[in-house]
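Here's the structure, in structure tokens; my notes come after.
Each value in this text was obtained by applying a stated rule to the coordinates, not by laboratory testing. Because the structure is a prediction, the values reported are computed rather than measured. Every residue, glycine as well, gets a Cβ built from its backbone with ideal geometry; the counts of neighbours run over all protein chains shown.
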Amino acid sequence: MKAIGSIFVAFVYGFLFLPMVVLVVLSFNVAPRGAVWQGFTFSWYHKLIQNQAILDSLATSLEVAVQATAISLFFGLCVGVISVRGRKRERTFLRHTSTLPIIFPEIVQGLSLLCFFVLIGIPLGKFSIVIAHCAFGSAYVCTLVRSRLLAIDPLLEEAASDLGAGPWTIIFEVLIPQLWPALLSGMLMVFTLSFDDFIISFFTSGAGATVLPLKIYSMLKFGVSPEVNALCALILMTSFFLVSLAFWVQNHKVNQ
């Protein structure tokens with residue numbers, strides 16, 4: 001029975017990760033088309049960094065991801081603190097609503113945000129993409145902050161208040177130092193999710209605001225080339241590193 005379970009687990013992991021391994025391997029293949037291995041080369045990566053259109057979309061994605069991460073950290077921190085340390089009515093409301101962007105399908109969020117932007121007259125572009133990414137980014141930060149804050153003894157804040165510390169002093173000198181692992185994990189996670197988001201970006205982008213996932217999609221219309229494989233391999237490895245770092249930071253602090 002254990003052998004069957006091990007085979008099933010191996011099959012599932014192979015089904016999930018083997019296509020990614022194949023993609024990375026093919027990005028080093030000399031052959032311009034097909035899956036037949038003909039030799040090792042870095043030429044596709046060299047061509048990739050010389051493609052100005054890809055570099056422009058990469059710069060747009062980085063700009064959007066950095067802005068969305070910074071804004072999400074601020075709002076996620078505020079909502080997370082209020083959902084744990086606020087009044088009962090505020091805690092109840094935020095506890096039931098702050099995670100909705102995580103639960104709702106992305107296609108629903110993207111379409112609803114598109115309708116909202118058109119309704120209030122916000123032009124589609126970088127600004128609209130940043131706002132859209134903040135909608136789900138803040139929810140992830142809030143969840144991490146809330147889970148960390150629940151493990152912090154509120155008596156520490158009461159003791160600081162008794163010693164004469166004001167609200168801002170308590171936030172910056174008592175809470176923030178203890179919340180930094182959750183904030184760092186949230187920052188890395190939101191940056192990764194914003195950088196490689198496709199569905200919401202597809203609905204909320206406009207002319208002159210082509211992020212990298214949309215650029216890859218447009219390139220795939222002409223077939224899968226090794227240059228696309230190289231680009232996807234770089235995104236895959238970068239995303240894997242950032243997410244792994246976020247989980248390591250969170251688990252390392254918990255184990256301490």
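Given the criteria closer than 19 Å to Phe240 by Cα, in contact with a Cys (Cβ under 9 Å, 6 or more places away or on another chain) and of a type outside the set (Lys, Arg), does Val66 qualify?
Against the criterion (closer than 19 Å to Phe240 by Cα, in contact with a Cys (Cβ under 9 Å, 6 or more places away or on another chain) and of a type outside the set (Lys, Arg)), Val66 does not qualify.
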Helices (runs of 4 or more DSSP H) contained entirely in segment 141-256, each with at least 2 residues that are within 30 Å of Phe117 (Cα to Cα): 176-195, 199-204, 212-220, 226-255
Please specify each residue of segment 108-136 satisfying the condition of being assigned to a helix (DSSP H, G or I), β-branched (Val, Ile, Thr) and touching a helix residue (DSSP H, G or I) at 6+ places or on another chain (Cβ under 9 Å). Ile129, Val130, Ile131
Neighbours by Cβ (under 6 Å, 6+ apart or cross-chain): first from segment 136-149, free of Cβ contacts under 8 Å to residues at least 60 places away in the same chain; second surrounded by 21 or more Cβ atoms within 10 Å (Cβ to Cβ) and among the polar types (S, T, N, Q): none
Only one of Phe222, Phe198 is more than 23 Å from Ile107 (Cα to Cα) and surrounded by fewer than 17 Cβ atoms within 10 Å (Cβ to Cβ). Can you tell me which? Phe222
Can Gly186 be described as crowded, with 18+ Cβ neighbours inside 10 Å, over 30 Å from Gln50 (Cβ atoms) and touching a Phe, Trp or Tyr at 6+ places or on another chain (Cβ under 7 Å)? yes
